[in-house]
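The values are calculated or read from the model by the stated rules, or taken from the named source; none is laboratory data. Keep in mind that this is a model prediction, so the values were computed, not measured. Using ideal geometry, Cβ is built from the backbone for each residue, glycine included, and neighbour counts are taken over all protein chains shown.
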């Protein structure tokens, strides 16, 4: 029995389309992510001007003192979060792939209509944080959000995260290593290099003098 060529073509196209849809479904990069705009991106107007200033001040002070970097994203509705509870982590990973955030960054992400918020922390923070203290910080922020004190909740979290003893200790130790490396690169290494150059120059000068002396005296014949 012959199978019509048209049927084969249609059947093949259906198989290809199905495979393409399946690949898109299984590929996390196909998720619709939010593009980066600002460190504090309130697209709903939940934060007052006073809130924005206090958060910005807290972000700058924290980054200067510890190297931690906070980001805030507040949207009316986040489609990717509908059926995927891990969307905030994937959103963070997406921004990390673009070089926006790093292992010392953390992201406040909030969807107003979905009544959801989460704080995603980079691997450095997660590796050195204290679970109980992070849990308490989150509860404190949630309490502030219920009072609609969004700015207060975010600022308290930023400041509280910097004060977690285990994280603070790790940041201090890393800063000490960085300062030691910087000292070596800016002072010790150039000094060693200069000493080495001076020794080589002195050896060359001495060799040149000996050579001139030999040429001046000439060969000695007994």
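For first residues located in the stretch 116-132 and touching a residue at least 40 places away in the same chain (Cβ under 8 Å), partners that are in a helix (DSSP H, G or I) and exposed (fewer than 14 other Cβ atoms within 10 Å of the Cβ) and lie 6+ apart or on another chain with Cβ distances below 6 Å form the pairs 128/166.
Looking at the stretch 157-177, can you tell me whether even one residue there is farther than 22 Å from residue 67 by Cα and surrounded by fewer than 16 Cβ atoms within 10 Å (Cβ to Cβ)? So that I can check it myself, show each step before the final result.
Step one: list which residues in the stretch 157-177 are farther than 22 Å from residue 67 by Cα, which gives none.
No - not one qualifying residue is present in the stretch 157-177.
No other residue among 143, 97, 105 is within 15 Å of the chain's Cα centre (by Cα) and closer than 25 Å to residue 165 by Cα apart from 105. Scanning the stretch 136-148 for any residue that is farther than 22 Å from residue 48 by Cβ, out of contact with any strand residue (DSSP E or B) (no Cβ under 9 Å at 6 or more places or on another chain) and surrounded by fewer than 19 Cβ atoms within 10 Å (Cβ to Cβ) turns up at least one such residue. Restricting 100, 125 to those that are assigned by TED's automatic domain parsing to the domain that holds residue 48 and under 23 Å from residue 37 (Cα atoms) reduces the list to 100. For the stretch 94-115, residues that are touching a residue at least 40 places away in the same chain (Cβ under 8 Å) and farther than 17 Å from residue 159 by Cβ total 6.
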